[in-house]
Amino acid sequence: MSRTLPLRPDLTQLKHQAKDLLHAHQRKDASACAVLRRLRRFEGAADAAVFAQPLALHEAQYALAMEYGFASWNAMKRHVEKVAGRPSAVRREKDLTYIAGLERLRFGRWRDCTYGGAVTGLLNTIAVPVTYEQVMGLSGACYRICMKPDWCPSAGMPQCGYDVERPLYRALGFDVYRIGNEGERRQRVVACIDRGIPVLCGEMRGWPEWGVIAGYADNGRLFYGRTYADYGGAEPDEVFTESRYFLANKYPGFDVQFFDRRCEPLPPRDALKQSFGVCIGTLNQESEQLGYTRGYQAYELWISGLEDLAGFDVFTAGTNGYHLDCLRDARRCAYIYLEQSLGLLQDGNRRRLEKVVTLFKAMYSKLMAVAPYSGTETSFNGRDEDWGMTKREEFANVLRELCGMERQVEAEFRAILGAWD
């Protein structure tokens, strides 16, 4: 998926876009080729080969629909008609106002990056058909690895040390912003909820992870929504609506982001290129920020910690399992996102990207062999006895292998960018 529909898409405008795509093909406009390669007969074809064959309007419509993340033009048409005739998701009950339909956030279902999961849930609620894997790929969070000497679990948060937000918002076409003044911020949260647009919040409940504000009470004195800490339950007076949204008892936490402004999204090929740059940047970032190390240095720190006989304790055993889950989840997203993007490249660059997909699949498989995916809702699943010295040595050797494979990925990405046209 490369483009996102607006909150209230217009079918007439989409028909015009399909005709524009058809006309671009007729005048041999190279900018149309990335979309047309969504068609099976043009997949991997050079621009000249795309222009050499006739194109029908229904094919242009089909390609455009796939560009927006739908299986067919009719599927997109049904979605647009449903949205156009759909009543507002905003519900009002006495002094409660909330957005219905925000999915539950939880670990253990291959959405272990709380930022990626919260953003995906937020966007899906406002009818942006983006997947968790696409959010992780477009942001570049699928490529990152970060550690601290004390193995702090906060290192698993994508924002620690590298900007993954700006690439994602540029790719999807959102002008996300923050408000410093608390009074104005509360007013904007209320205004967004009234319009049916949830708000992203860091550490709104429980520990410092991401969640989504989806409602308010008492004219905005209280906020509530979903977080990854919800599995722990809440007091009866902290549960709102039949959807069981929980009180944001730590609002505003460490960050509040608003998604009610849109901008022009990046063309799909440009978004893919941008993600390659994020990968190279995060792997090679050497300067420490707040004690975090990233990329190759993070691998070295992790390996040395596993081999430390005296320093490995119950806490590091638990956080080791958490960091393993984060890395495994990220590399799984990397191969899925890139595999879905193969049609955007051709010839030598496509072959290079296919090699990268194979490398990320191998990384994921090696991490799965170290320990099974627990699938539990809690984030800290490791125990001291799970990580005896033999097991740690095995894992350290796997991380060495992965570090070498990451260098191969970097080399392929640099080659792709060097041959970019």
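Every number in this text was worked out from the coordinates using simple rules, so none of it is lab data. Note that this is a predicted model, so its numbers are computed, not measured. Backbone-built Cβ (ideal geometry, glycine too); neighbour counts: all protein chains shown.
A few points about this structure:
- Residue of Gly183, Gly173, Gly277 that the Gaussian network model of the chain assigns the largest fluctuation, springs spanning Cα pairs under 10 Å: Gly183
- Packing order of peptides 164-172, 399-407, 331-339, highest average first: 331-339, 164-172, 399-407 (average count of other Cβ atoms within 10 Å over each peptide's residues).
- D_trans [Stokes-Einstein, Kirkwood Rh over alpha-carbon pairs] for region 11-85, 25 °C, 0.890 mPa s, µm² s⁻¹: 197 µm²/s
- Among Ala229, Ala30, Ala217: highest mean-square fluctuation, GNM of the chain, C-alpha pairs under 10 Å: Ala30
- Shape analysis of region 91-234 based on the Cα gyration tensor places the equivalent ellipsoid semi-axes at 26, 17, 15 Å, largest first.
- A convex hull fitted around the alpha carbon atoms of region 124-186 yields 135 Å³ per residue.
- Total lysine pairs whose alpha carbons fall under 16 Å of each other in the chain (8 or more apart, or interchain): 4
- Taking other Cβ atoms within 10 Å as a rough exposure proxy, Glu242, Glu209 sort from fewest to most as Glu242, Glu209.
- Highest average packing first - 192-202, 31-41, 344-354, Cβ atoms within 10 Å: 192-202, 31-41, 344-354
- Asp29, Asp218 arranged by Cβ crowding within 10 Å, fewest neighbours leading: Asp218, Asp29
- Using a Gaussian network model of the chain in which every pair of alpha carbons under 10 angstrom is joined by a spring, one finds that among Val212, Val356, Val83 the greatest mean-square fluctuation is at Val83.
- Of the DSSP H helices in the chain, those whose Cα atoms cover at least 30 Å axially and whose Kyte score averages -1.0 or more: 314-340, 347-370, 389-418
- Translational diffusion of the chain was estimated from the Stokes-Einstein equation, with Rh taken as the Kirkwood radius over Cα pairs; at 10 °C and 1.306 mPa s the coefficient is 69 µm²/s.
- Cysteines without a disulfide-compatible partner [the chain; Cβ-Cβ under 4.7 Å]: Cys33, Cys113, Cys146, Cys152, Cys160, Cys192, Cys201, Cys263, Cys279, Cys326, Cys403
- Counting other Cβ atoms within 10 Å as a rough exposure proxy, the listed residues Ile99, Ile179 run Ile179, Ile99 from fewest neighbours to most.
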